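Report on one structure; see the data block that follows.
The values are calculated or read from the model by the stated rules, or taken from the named source; none is laboratory data. The structure presented is a predicted model; accordingly, all values stated were derived computationally and were not measured. All Cβ positions, even for glycine, are placed from backbone atoms using ideal geometry, and neighbour counts span all protein chains on display.
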Amino acid sequence: MEARRRSGFRRFFPTDKSLKGIIGGGITGGIEVCITFPTEYVKTQLQLDERSAHPIYKGPIDCVKKTVQTKGFFGLYRGLSILIYGSIPKSAFRFGTFETLKGYAVGPDGNLAPMWRLMCGLGAGLSEAVFAVTPMETVKVKFIHDQQLEKPKFKGFLHGLRTIVRTEGFKGLYQGVTATMAKQGSNQAIRFFVMETLKDW
């Protein structure tokens, strides 16, 4: 029975690195977003401000100053939960998918051929784009914008997610999915190709 369970596990996760990739990727994603979120917040605010009829920010530094003055330092972390919910699964899917595909594609000598480095990276990028990046980016932008309203309608991440699905359907979570797949797929193909190639040096 134990052997059968292990056989079923190996069918989907051919090496122990698959599971390590999922766990390690998720932890890395959580740490990364906690450090970099203020820059993401400012970027989103400036993008929304550009579309406004009455822009209030003169640039990134002005956005930071006005946010801290009106909402305090932690105002730069409004909407952090959205990115944490998105970044952890994004990194988990990215590294987990890559290690899983690599387990199938690696040669008898333990090396991954250059073409497969690209293909496994492409698969990792497409995986994170479909299962994490596209829906979370959509929710993130809508949530941050909603928090600027006098009467926000989203009470939190899960409530915001349910509201979007209820009012727009699941397609409301997948705006721009094709472009995101192209972007993430090419990004990760190049990233993992370079990373795996550098390991040979």
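Below is a table of values for the structure above.
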{"read-out": "Among the candidates P60, P38, residue that is at pLDDT 90 or above, loosely packed, with under 15 Cβ neighbours inside 10 Å and within 20 Å of V141 (Cβ to Cβ)", "value": "P60"}
{"read-out": "Some residue of the range 9-22 being at pLDDT below 85, over 24 Å from F192 (Cα atoms) and part of a helix (DSSP H, G or I)", "value": "yes"}
{"read-out": "Pairs, first buried (at least 22 other Cβ atoms within 10 Å of the Cβ) in the range 76-103, second hydroxyl-bearing (S, T, Y), C-beta under 6 Å, six or more apart", "value": "S91/T28; F93/S127; T97/S127; E99/S18; T100/S18"}
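So that you can scan it fast, the table gives a plain yes or no per residue for (1) modelled with pLDDT of 90 or more; (2) touching a Gly at 6+ places or on another chain (Cβ under 7 Å); (3) farther than 28 Å from A179 by Cβ:
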| residue | (1), (2), (3) |
| --- | --- |
| E50 | no, no, no |
| P55 | no, no, no |
| K66 | yes, no, yes |
| Q69 | yes, no, yes |
| S87 | no, yes, no |
| A92 | yes, yes, no |
| T100 | yes, no, no |
| G123 | yes, no, no |
| L126 | yes, yes, no |
